[in-house]
1. Kindly indicate which of 80, 46, 51, 33 is over 21 Å from residue 121 (Cα atoms) and aliphatic (A, V, I, L, M).
2. Any residue at all in region 9-25 that's on the phi < 0 side of the Ramachandran plot, within 16 Å of ligand 1 (Cβ to nearest atom) and touching a Ser or Thr at 6+ places or on another chain (Cβ under 8 Å)?
3. Go through region 106-126 residue by residue and tally those that are under 19 Å from residue 61 (Cβ atoms), within 8 Å of ligand 1 (Cβ to nearest atom) and of a type in the set (Gly, Ala, Ser).
4. Out of 130, 136, I need the residue that is in contact (Cβ under 8 Å) with a residue 24 or more places away in the chain, touching a helix residue (DSSP H, G or I) at 6+ places or on another chain (Cβ under 8 Å), closer than 22 Å to residue 21 by Cβ and open to solvent by 40 Å² or more (accessible area, probe 1.4 Å). Which one?
5. Condition first: more than 13 Å from ligand 2 (Cβ to nearest atom), open to solvent by 20 Å² or more (accessible area, probe 1.4 Å) and in contact with a helix residue (DSSP H, G or I) (Cβ under 7 Å, 6 or more places away or on another chain). Can you find one or more residues in region 41-58 that meet it?
6. Considering only region 1-30, state which residues are of a type in the set (Val, Ile, Thr), surrounded by fewer than 18 Cβ atoms within 10 Å (Cβ to Cβ) and modelled with pLDDT of 95 or more.
7. Quick one: which strands (runs of 3 or more DSSP E) lie wholly within region 32-138 and hold at least 3 residues that are among the hydroxyl-bearing types (Ser, Thr, Tyr)?
8. Tell me which of these residue 67 doesn't satisfy, since it passes every other one: (1) exposed (fewer than 15 other Cβ atoms within 10 Å of the Cβ); (2) within 16 Å of ligand 1 (Cβ to nearest atom).
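The values are calculated or read from the model by the stated rules, or taken from the named source; none is laboratory data. Since the model is a prediction, treat every value here as computed from it, not as a measurement. FYI the Cβ positions are ideal-geometry reconstructions off the backbone, even for glycines, and counts take in every protein chain you see. Note: areas computed on protein heavy atoms with side chains; ligands, DNA, RNA excluded. Shrake-Rupley method; radii C 1.70, N 1.55, O 1.52, S 1.80 Å.
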Amino acid sequence: MELSYDIGGGDFVNAGRASSAVKGILKQLNISAVLIKRVVIALYEAEVNVAAHASAGKISVSITKDVIRINIRDKGPGIADIELAMQEGYSTASKEVREMGFGAGMGLPNIRKNSDTFNISSTPGEGTELEIINRLSN
Ligand SMILES: Nc1ncnc2c1ncn2[C@@H]1O[C@H](COP(=O)(O)OP(=O)(O)O)[C@@H](O)[C@H]1O
Ligand SMILES: [Mg+2]
């Protein structure tokens, strides 16, 4: 099954739309609650990052009998120092974003924690791409 979603920079109203939709689909597929939670947390944090830090993003989700593979790519400022961005508590979120309750600097670490395989690549001035893979069977 292939799904795709768009997300706009600054659009905190629709950030969460993809993770909610995917949650519903995984429930219907009888995926374990523990795995659903991992996928939903990782995807939600990635959506929020597009809203908070980028100008536009595209999400593709591929579900097979073996794996849930999510790709999120955005156009935006990109990340110059990925190692720094991955550190717990590191955030460049604006005052406005922090006032909305985001910007704790735990998004990327939580995405990694909730992925079996996590890849991030970024080109400063162009954008960022994440790959989040969780296996369905062991
Ligand atoms: N999609 C993105 N585009 C540009 N910068 C990003 C993106 N995602 C994360 N970052 C950078 O990495 C930092 C850490 O991200 P994260 O751990 O999610 O914390 P937070 O979003 O709360 O700031 C952000 O503050 C930002 O500087
Ligand atoms: Mg974040």
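1. Just one listed residue meets the conditions, 33.
2. Scanning region 9-25, I find at least one residue that is on the phi < 0 side of the Ramachandran plot, within 16 Å of ligand 1 (Cβ to nearest atom) and touching a Ser or Thr at 6+ places or on another chain (Cβ under 8 Å), so the answer is yes.
3. The qualifying residues number 1.
4. 136
5. Looking through region 41-58, none of the residues is more than 13 Å from ligand 2 (Cβ to nearest atom), open to solvent by 20 Å² or more (accessible area, probe 1.4 Å) and in contact with a helix residue (DSSP H, G or I) (Cβ under 7 Å, 6 or more places away or on another chain).
6. So the first thing to find is which residues in region 1-30 are of a type in the set (Val, Ile, Thr), and the list is 7, 13, 22, 25.
In the following step, the residues that additionally are surrounded by fewer than 18 Cβ atoms within 10 Å (Cβ to Cβ) were identified as 13, 25.
Scanning region 1-30 gives a single hit, 25.
7. Values: elements: 56-63, 67-75, 117-123, 127-135.
The qualifying strands (runs of 3 or more DSSP E) are 117-123.
8. (2)
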